[in-house]
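S.K.: Here's a structure for you.
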Amino acid sequence: MYHCGDLTPKQRAEWLVSLPTLAWLALFLVIPAALIFVLAFRPADPYGGIGAGWTLETVRALWAPSNLAIAVRTLWISLLTTAVCLVLAVPAGYTIARASEKWRNRLLMLVIVPFWTSFLVRVFAWRSLLHPEGPVKALLQAAGLAGPETTLLYNPAAVVLVMVYTFLPFTILPIYAAAEKFDFRIVEAARDLGARPFQAFRKVFLPGISQGLLTAFLVVFIPALGSYIIPDLVGGPSGEMLGSKIAQRVFTDRNLPHASALSAVLVLAVMAPLVAVLALQRKKKRADIIMGESP
Amino acid sequence: MAVTAAVLAFFYLPIIVLVANSFNPARFSSRWQGFSLVWYRRLFESPEVWQALKNTLIVAVAVTAISVVLGTLAAFALHRYAASRLQRVHYTLIYAPLVVPEILMGIGLLMAFVAAGVPLGLVTIILAHVTFCVSFVAMTVLGRLQDFDFSVVEAARDLGAGWGRIVRKVLVPMLMPGIAAGALLAFTLSVDDFVITFFVAGPGATTLPLRIYSMIKFGAPPMINALSTLLLAVTVTAVLASRRLSRSKR
């Protein structure tokens, strides 16, 4: 290897141990990611492959009203899911952080265990619960809350419910981690100074765990945007999302360029919150330095 | 407190109903009709399920072997040369599969395989699984390396051991708990993966999650309940074992 001539032995050793994963990830992560953007400009061939030449047709077709409707729905379902998860996770994380050490570990285990079951199995479990002949509908009917023709499956509400179920543990953990480090004496001080309980919670506790809230937001919102199995299995046509549309383009329409254009939109949608959070954190850090606080 | 209790009930209810239903002989399972193992028997008599299980295990074993070697090497590089610019790029690349939505990895890989003319099958599944399992192995081993005392390696060198011997006699044994935990994690993730597998599998190579999916989608009998219960038992056992391994210190 002549081009390695100018490297020190240490650098050469570094390249040697890094090269296998670098090469693997370049081949199976970087190139595929680039292809998503490239193939959006290639025409489809009738056999489900990629045709010759280049075209702007696919990208232009992205602006079709049906696509826009799906993009908007993906956004609101993901936002609603994230909001519900956060609303449930803050009290849960708070309770776990304030519990005695023995109970804290037990509660954490109880939160983590559902993670371990197969994701597909959990979605299936909900599908049978919400089935027209399933127990949830029977209960609702007995309580007079549902008629015989009520359908619980195949609508956006079912998608949100199952997404909350899937993502909630991921939200509780970062909030718990932040709440555990939080110094609760500050809340007591605020109370002593005359703050009402809710005021102390909103003005002292929530800002105190902002880092955990941010992490929780990202770990739900990003995978929610890319959801595919959940809308596919419990969403029906009215609960379709970007992810299930991409899969439909690949497997039903066998049109890779269309799938690729939609995936490019998804990549950008996923990047946006990540970049926003990073920028926000950098700005906050700078403000902290100016204010003289420890970073 | 009330919210926490409700959340926990919400977590467990579907799983409990699923496990209970796997022992319920009723075909449409809203009413309990007595304890029965009929769905388990059906399951064991299904040749498709056995074939899918075989494929799943072939993939998982190959994926575990490759990603343990690659991931351990990567963790070593990340730890040893932590400050260099190359490792910053390396770390970003290894971190990416942990945040990228699965469907994007699936479709990207499918396109790469189609563009390169690689026929879809077990091999493409293995290549795809390694791509995300490496990250999990690397992160697990990296955690272990963080409290690893490198003066031991220097001592071995001072005593005249060559690198081959150091790797075999010092590094691997001391990192074993981390490597084993990473291996179990890779194995579990590979066995469990559906989305990425679905994109790169092609018509012939059906794994267990793909089988379950088609059973769900095309209304197979409640055999899925039984299969899910078994899968659940296996996953919980594997994760418990992996936690025990990564917790045991030195």
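The values are calculated or read from the model by the stated rules, or taken from the named source; none is laboratory data. Keep in mind that what you see is a predicted model, and the values were worked out from it rather than measured. All Cβ positions, even for glycine, are placed from backbone atoms using ideal geometry, and neighbour counts span all protein chains on display.
S.K.: Scan segment B:192-200 and tell me whether some residue there is surrounded by fewer than 22 Cβ atoms within 10 Å (Cβ to Cβ), closer than 20 Å to B:Leu70 by Cα and out of contact with any Asp or Glu (no Cβ under 7 Å at 6 or more places or on another chain).
M.R.: No, every residue in segment B:192-200 fails to be surrounded by fewer than 22 Cβ atoms within 10 Å (Cβ to Cβ), closer than 20 Å to B:Leu70 by Cα and out of contact with any Asp or Glu (no Cβ under 7 Å at 6 or more places or on another chain).
S.K.: Suppose we filter B:Ile66, B:Ile16 for residues that are facing chain A (nearest Cβ under 10 Å), in contact (Cβ under 8 Å) with a residue 40 or more places away in the chain and within 25 Å of the chain's Cα centre (by Cα); which single one remains?
M.R.: Answer to the selection: B:Ile66.
S.K.: Take segment B:111-127 and flag every residue that is farther than 14 Å from B:Ala205 by Cβ, buried (at least 23 other Cβ atoms within 10 Å of the Cβ) and more than 9 Å from every other protein chain (Cβ to nearest Cβ).
M.R.: Of everything in segment B:111-127, nothing turns out to be farther than 14 Å from B:Ala205 by Cβ, buried (at least 23 other Cβ atoms within 10 Å of the Cβ) and more than 9 Å from every other protein chain (Cβ to nearest Cβ).
S.K.: Is there any pair with a first residue in segment B:142-163 that is closer than 14 Å to B:Arg80 by Cβ and a second that is at pLDDT 85 or above and aromatic (Phe, Trp, Tyr) whose Cβ atoms are under 8 Å apart and which are 6 or more apart or on different chains, and what are they?
M.R.: That search, which allows pairs on different chains as well, returns B:Leu145/B:Phe76.
S.K.: Moving on. Answer with yes or no whether A:Leu206 is surrounded by fewer than 18 Cβ atoms within 10 Å (Cβ to Cβ) and either modelled with pLDDT under 85 or not in a helix (DSSP H, G or I) (or both).
M.R.: no
S.K.: Under 9 Å by Cβ, and 6 or more places apart or on different chains, what pairs join a residue from segment A:151-170 that is free of Cβ contacts under 8 Å to residues at least 40 places away in the same chain with one that is in a helix (DSSP H, G or I) and of a type in the set (D, E, K, R)?
M.R.: Listed by first residue and then by second, the contacts come to A:Thr151/A:Lys137; A:Leu152/A:Lys137.
Rundown of residues vs (1) assigned to a helix (DSSP H, G or I); (2) closer than 26 Å to A:Ala261 by Cα; (3) out of contact with any His (no Cβ under 8 Å at 6 or more places or on another chain), yes/no style:
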residue	(1), (2), (3)
B:Ala62	yes, no, yes
B:Ala65	yes, no, yes
B:Pro97	yes, yes, yes
B:Ala115	yes, yes, yes
B:Ile125	yes, yes, yes
B:Phe132	yes, yes, yes
B:Met139	yes, no, yes
B:Asp149	no, no, yes
B:Ala155	yes, no, yes
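S.K.: Is there any pair with a first residue in segment A:269-287 that is modelled with pLDDT under 80 and a second that is assigned to a helix (DSSP H, G or I) whose Cβ atoms are under 8 Å apart and which are 6 or more apart or on different chains, and what are they?
M.R.: A:Gln281/A:Leu214
This table checks each residue for (1) at pLDDT below 90; (2) under 26 Å from A:Leu266 (Cβ atoms); (3) at the interface with chain B (Cβ under 8 Å from one of its Cβ atoms).
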position: A:Tyr2; (1), (2), (3): yes, no, no
position: A:Thr8; (1), (2), (3): yes, no, no
position: A:Ala13; (1), (2), (3): yes, no, no
position: A:Leu16; (1), (2), (3): yes, no, no
position: A:Ala23; (1), (2), (3): no, no, no
position: A:Leu29; (1), (2), (3): no, yes, yes
position: A:Pro32; (1), (2), (3): no, yes, yes
position: A:Leu35; (1), (2), (3): no, yes, yes
position: A:Leu39; (1), (2), (3): yes, yes, yes
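S.K.: Of everything in segment A:41-73, what is closer than 15 Å to A:Leu266 by Cβ and facing chain B (nearest Cβ under 10 Å)? Give them in sequence order.
M.R.: None; the set is empty.
S.K.: Go through segment A:129-161 and give me each residue that's part of a loop (DSSP other than H, G, I, E, B) and under 24 Å from A:Asp232 (Cα atoms).
M.R.: Correct list: A:Leu130, A:His131, A:Pro132, A:Glu133, A:Gly134, A:Glu149, A:Thr150, A:Thr151, A:Leu152, A:Leu153, A:Tyr154, A:Asn155.
S.K.: For A:Ala92, indicate whether it is part of a helix (DSSP H, G or I), of a type in the set (Gly, Ala, Ser) and surrounded by fewer than 18 Cβ atoms within 10 Å (Cβ to Cβ). Steps first, answer last, please.
M.R.: Details: part of a helix (DSSP H, G or I): yes; of a type in the set (Gly, Ala, Ser): yes; surrounded by fewer than 18 Cβ atoms within 10 Å (Cβ to Cβ): no.
When the stated conditions are applied, A:Ala92 does not pass them.
S.K.: Please work out which one of (1) at pLDDT 90 or above; (2) surrounded by 19 or more Cβ atoms within 10 Å (Cβ to Cβ); (3) more than 10 Å from every other protein chain (Cβ to nearest Cβ) is the condition B:Trp39 fails and give its number.
M.R.: (1)
S.K.: Do you know which of the residues in segment B:69-110 that are among the β-branched types (Val, Ile, Thr) and closer than 24 Å to A:Pro223 by Cα is farthest from the other protein chains (Cβ to nearest Cβ)?
M.R.: Within segment B:69-110, the match that is farthest from the other protein chains (Cβ to nearest Cβ) is B:Thr92.
S.K.: Do we find a residue being surrounded by fewer than 18 Cβ atoms within 10 Å (Cβ to Cβ) and under 27 Å from B:Ile107 (Cβ atoms) anywhere in segment B:128-149?
M.R.: So far as segment B:128-149 goes, no, none of its residues is surrounded by fewer than 18 Cβ atoms within 10 Å (Cβ to Cβ) and under 27 Å from B:Ile107 (Cβ atoms).
S.K.: May I pose another question? Of all residues being more than 19 Å from A:Phe167 (Cβ to Cβ) and touching a residue at least 60 places away in the same chain (Cβ under 8 Å) in segment A:86-103, which is farthest from the chain's Cα centre (by Cα)? Just the residue, please.
M.R.: A:Arg98
S.K.: Hey, B:Gly117 hits all of (1) within 22 Å of the chain's Cα centre (by Cα); (2) on the phi > 0 side of the Ramachandran plot but one; which does it fall short on?
M.R.: For B:Gly117, the exception is condition (1).
S.K.: Still on this structure, I have one more. May I ask you to say which residue of B:Met215, B:Met174 is under 30 Å from A:Gly134 (Cα atoms) and not small (Gly, Ala, Ser)?
M.R.: B:Met215
S.K.: Could you tell me whether B:Leu53 is buried (at least 22 other Cβ atoms within 10 Å of the Cβ), assigned to a helix (DSSP H, G or I) and in contact (Cβ under 8 Å) with a residue 40 or more places away in the chain? Please lay out each step first, then the result.
M.R.: Values: buried (at least 22 other Cβ atoms within 10 Å of the Cβ): no; assigned to a helix (DSSP H, G or I): yes; in contact (Cβ under 8 Å) with a residue 40 or more places away in the chain: yes.
No, not satisfied.
S.K.: If you take the residues of segment B:176-234 that are within 18 Å of B:Phe23 (Cα to Cα) and among the hydroxyl-bearing types (Ser, Thr, Tyr), which of them is modelled with the lowest pLDDT?
M.R.: Here the residue is B:Ser228.
S.K.: Shifting gears a bit: Facing chain B (nearest Cβ under 8 Å), more than 14 Å from A:Pro174 (Cα to Cα) and part of a helix (DSSP H, G or I): does that describe A:Pro114?
M.R.: Considered against the rule, which asks whether it is facing chain B (nearest Cβ under 8 Å), more than 14 Å from A:Pro174 (Cα to Cα) and part of a helix (DSSP H, G or I), A:Pro114 comes out as yes.
S.K.: Same structure again: Based on this model, can you work out whether A:Arg185 counts as over 20 Å from B:Leu232 (Cβ atoms), loosely packed, with under 13 Cβ neighbours inside 10 Å, modelled with pLDDT of 85 or more and over 17 Å from the mean Cα position of the chain (by Cα)?
M.R.: When the stated conditions are applied, A:Arg185 passes them.
S.K.: Within the group A:Leu173, A:Leu206, which residue is away from chain B (no Cβ under 14 Å), closer than 24 Å to A:Val277 by Cβ and in contact (Cβ under 8 Å) with a residue 60 or more places away in the chain?
M.R.: Selected residue: A:Leu206, the only one of A:Leu173, A:Leu206 that is away from chain B (no Cβ under 14 Å), closer than 24 Å to A:Val277 by Cβ and in contact (Cβ under 8 Å) with a residue 60 or more places away in the chain.
S.K.: For residues that are of a type in the set (D, E, K, R) and at the interface with chain B (Cβ under 10 Å from one of its Cβ atoms), scanning just segment A:124-169, find the one that is surrounded by the most Cβ atoms within 10 Å (Cβ to Cβ).
M.R.: Restricting to residues being of a type in the set (D, E, K, R) and at the interface with chain B (Cβ under 10 Å from one of its Cβ atoms), the top hit is A:Lys137.
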